[in-house]
Structures are given as structure tokens and as C-alpha cells.
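The values are calculated or read from the model by the stated rules, or taken from the named source; none is laboratory data. Here the structure is a predicted model, which is why all the values come from computation and not from measurement. All Cβ positions, glycine included, derive from the backbone under ideal geometry; neighbour counts span all protein chains shown.
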Amino acid sequence: MFMSGSRILSRNSIGNQTVAAATEQFGVYIHIPYCLQRCTYCDFATYVHTEIIPSEKYVELVKKEMALGQKFFAPRKLDTLYFGGGTPSLIPAEQITSLIQEIKKHDFTITPDTEITIEINPATVDERKLNRYLEHGVNRFSVGAQSFSDRLLKMVHREHNAKQTLETLSLLESYKLNYSFDVLFALPTQTMSELEYDLEVALGMRMSHVSPYCLTVPEGHPLSKNRPLDVEQVEMFELIHKKLLSQNFHRYEISNYAQPGKESRHNLLYWTDMPYWGLGLSAHSYSKKSDYGHRFWNASNINVYEKSILTGTEASHTQFTDSNSETLEYHQSLTDFCYTSLRLERGLSKTGLVAKFGLKAVEKIELLTKPLIDQGLMKLTQNHWSLTDKGVFISNQIFEKFTFLKADF
């Protein structure tokens, strides 16, 4: 497919980029792997809630992980806290709020300015649960609605229906809350009129952030058949882009649109070279304790994760092995820097390149970008290289050109 729509970068994998003169921020991601069902397109570390350890036991494991690894990141103000999954809203609200309270006990400061996001699915939040979240500072909600077509929802094995989605969104609107909406497109047999309907319903609500994701599945997957042709997928993306721009949204990242000031601050951490701590099953972390960054991650199997926490010590939890950590070398960090920077509307900063990688990186990038600018796929404005609308459609192909090897330097 023409564009990169992976949600992994927006949840718990690693991306590196420097923003010149930016104050270093810090965020925490907590993975909640419980789901009502396994969606056919999902590749995240999640489990059907009846096929995994009880949620109260899992929450206690995460709390222990906080204690084991707290010294890896010095206590500081949290700019963002993100509960992702899975379906965090599926487990009792008290378990989510207890994690918020627990991280405070380790001297990580949460202020009214801290962006606290929770992913929710339709029909998993009622007014009582919502109020519990609000009482503990949750101020942003990411709704995994995907579509307002019951036919398409059944196709991808979503348990909720369109009516339940509208009820959940109406509840959030009644509280005048900040919420985001995910929409899937390029589904098998999906028509332009169905997509247009999804957009009309979504834009009829008062949301200020939309994340359109092109369905991406491997060849041979049940959902790989009867999908719209590539040219039709391009038309779908163009429709989404045009509709959202007309409603004062801007595409601040390839798969994310927001009204001014409503961008996901947590997701921006991943794309702007800020450190973050991932807690829970499969969660990734990124620190800047080495010249070009250090990243480490937890096991994606629940039994392995549980054993590692129950048998761990503070010392062992901060001494990672080659199998679950990596100290980035110059060329690896530069590759990540370029990938994540070019996903953003602001693009790849010359100043940021020089600050982290020196002049030789700028010289290398100038050679790579010249033919792409000549082809109308990239542009250079105010010392930033960025993708044009034409370039966004083939962003994966462009990113490949910014993959660096050790031998390149």
C-alpha cells in the first residue's frame, strides 16, 4: 500500500528525532492487554480477557515493575501518561486510577498540565467509570470506533456496533471532553460512500483529533481479499484529507489529523526524540543515557513477562540483555531520526540534524533529498525537509532511502 499507517509508533515502539531548542519532555506508557475479542487485523500484544491472568493480578505486576525500574528514569514531572492496549477501559476504572496513584508514589509528578490519555472502546465506559477517570486527572480519550458501518465492524470482528459508538461519543461530548477517533479505511468491499458516511458522522461530533489508518495486513490474511485497488485506496485517502482540511484539521503526522493545539502530545514524544518509559506487557522504553539513545522492551508473552517481574530485582531490571535492549549507534539513530521526522508535517530539521549528528549528516541528507525534491516528492522550507502530498502517498518507499548502514559513514 502507498502509505505507512502503522499504529505501533503511536503506542509503544521507538522513534527518535531531535527538535532544536525544545525542552526535554518525558512520558509514561502503560500497556493494558485485555480485549473483548481479538480483532482480525490486530498485531499488538493483547489477549481475550478470559484467556489471561485476572486484571487485578496484572495491575499488581505493573506496580512492581514501577518499583523495579524507577531508578532507570529519575523522578520528574510527567508531561504525558498514556494507557494503551488492548482495551484499558475494559478493566475496572479503579485499577486504572490505582496505577495513576502508584506512579505518584515513586515521585513522578502529575500536574493539571499533564496529558493523561486512555484508550476506550464503545460500550466499555459508562458515566460512573468516566467520572472515576476524571477524578484522577484523565483528560484525553482515544476512541477505537473504526467505522460506523455495522457490516464492516462485523467483518473485522469488532464486538461493538455503530449505535454503541454513537452513545459513547455522545457521553464524551456531554462532558465537553477532549477525545480522538480512529477510523479504518481500505477494508475489504468497503465503498467510497461508506467511507464518506463514516467521515460525515465523525465530523458531526465535536472531536478535535482523527486518526485514519489504512488497513495493513500481510498477503494471505483473511482481510487481504476483496480490498479496494491501490488507486481506490489513494482516492479514499484523498477524500479523508480533503474532508478534514475543510474542518480546520491539519495533518501533523501521516496518520494523524488535529485541530490546532489538539495534537496528541504523547505521540509527539515518540516522534521528537523525547525519553519515555513503557510499562507492562511488550511495552518499549527509550532513554538518552547514551550519545545516540538506548532502548529496551518487555516480553510480549504474558507468562514470560509475569516471571520476569516476579523474579526480578531492582538491579536485574536495570541491566538489560542483548535480547531486550539496544544501545543505538550513529547510523541507527540517524535512520530513526529521519523516519520519524519525515512522518511529521514539520519535517526533518537541519538544525536538529546538526545538533545531534553533525554536519556530515546534513551533507548526506542533502544528496538524498535533491532528486526527491526535483520529483515533487519532498520540499525544503525554513530549513526543514518534508514530504509533499504526493510524497505522502509513497512514504514507505521514500523512507527506505533514509535507511543508513554503518558502512555509510
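For the subset of the range 325-362 comprising residues that are assigned to a helix (DSSP H, G or I) and among the polar types (S, T, N, Q), which member is surrounded by the most Cβ atoms within 10 Å (Cβ to Cβ)?
Of all residues in the range 325-362, those assigned to a helix (DSSP H, G or I) come to 330-343, 350-357, 359-362.
Adding the requirement that they be among the polar types (S, T, N, Q) leaves 332-333, 335, 340-341, 351.
Values: 332: 19, 333: 23, 335: 19, 340: 21, 341: 26, 351: 14.
Filtering the range 325-362 for residues that are assigned to a helix (DSSP H, G or I) and among the polar types (S, T, N, Q), the one surrounded by the most Cβ atoms within 10 Å (Cβ to Cβ) comes out as 341.
Among the candidates 279, 229, 239, 310, single out the residue that is outside the structural domain of residue 138 (by TED's automatic domain parsing) and either modelled with pLDDT under 95 or in contact with a Leu (Cβ under 7 Å, 6 or more places away or on another chain) (or both).
On the way: 279 fails: either modelled with pLDDT under 95 or in contact with a Leu (Cβ under 7 Å, 6 or more places away or on another chain) (or both); 229 fails: outside the structural domain of residue 138 (by TED's automatic domain parsing); 239 fails: outside the structural domain of residue 138 (by TED's automatic domain parsing).
Being outside the structural domain of residue 138 (by TED's automatic domain parsing) and either modelled with pLDDT under 95 or in contact with a Leu (Cβ under 7 Å, 6 or more places away or on another chain) (or both) holds for just one of 279, 229, 239, 310, which is 310.
Is it the case that some residue within the range 179-191 is touching a residue at least 24 places away in the same chain (Cβ under 8 Å), touching a helix residue (DSSP H, G or I) at 6+ places or on another chain (Cβ under 7 Å), surrounded by fewer than 15 Cβ atoms within 10 Å (Cβ to Cβ) and hydrophobic (A, V, I, L, M, F, W, C)?
At the first step, the residues of the range 179-191 found to be touching a residue at least 24 places away in the same chain (Cβ under 8 Å) are 179-190.
Among the residues that remain, those that are also touching a helix residue (DSSP H, G or I) at 6+ places or on another chain (Cβ under 7 Å) are: 179, 181, 183, 185-188, 190.
Checking which are surrounded by fewer than 15 Cβ atoms within 10 Å (Cβ to Cβ) leaves us with none.
No, the range 179-191 contains no residue that is touching a residue at least 24 places away in the same chain (Cβ under 8 Å), touching a helix residue (DSSP H, G or I) at 6+ places or on another chain (Cβ under 7 Å), surrounded by fewer than 15 Cβ atoms within 10 Å (Cβ to Cβ) and hydrophobic (A, V, I, L, M, F, W, C).
If residue 21 satisfies all but one of (1) modelled with pLDDT under 90; (2) over 26 Å from residue 332 (Cβ atoms), what's the number of the condition it fails?
Going through the list (1) modelled with pLDDT under 90; (2) over 26 Å from residue 332 (Cβ atoms), residue 21 breaks only (2).
Filter the range 216-238 for residues that are more than 23 Å from the chain's Cα centre (by Cα) and assigned to a helix (DSSP H, G or I); which is nearest to residue 155 (Cα to Cα)? Give the derivation first.
Let us first name the residues in the range 216-238 that are more than 23 Å from the chain's Cα centre (by Cα), namely 219-222, 224-232, 235.
From the residues that got through so far, the ones that are assigned to a helix (DSSP H, G or I) too are 222, 224, 230-232, 235.
Working: 222: 10, 224: 12, 230: 20, 231: 22, 232: 20, 235: 22 Å.
Taking the candidates together, the pick is 222.
For the range 259-274, indicate whether the set of residues that are touching a residue at least 60 places away in the same chain (Cβ under 8 Å) and small (Gly, Ala, Ser) is non-empty.
Yes - at least one qualifying residue is present in the range 259-274.
Test each condition in (1) within 24 Å of residue 60 (Cα to Cα); (2) out of contact with any helix residue (DSSP H, G or I) (no Cβ under 8 Å at 6 or more places or on another chain) for residue 158 and report the one that comes out false.
Of the numbered conditions (1) within 24 Å of residue 60 (Cα to Cα); (2) out of contact with any helix residue (DSSP H, G or I) (no Cβ under 8 Å at 6 or more places or on another chain), the odd one out for residue 158 is (1).
Residues of the range 364-390 being more than 14 Å from residue 341 (Cα to Cα) and modelled with pLDDT of 95 or more, which ones?
Residues satisfying the conditions are 364, 366, 367, 368, 370, 371, 372, 373, 374, 375, 376, 377.
Conditions tested, residue by residue: (1) under 17 Å from residue 81 (Cβ atoms); (2) not small (Gly, Ala, Ser).
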| position | (1), (2) |
| --- | --- |
| 250 | no, yes |
| 255 | no, no |
| 276 | yes, yes |
| 294 | no, yes |
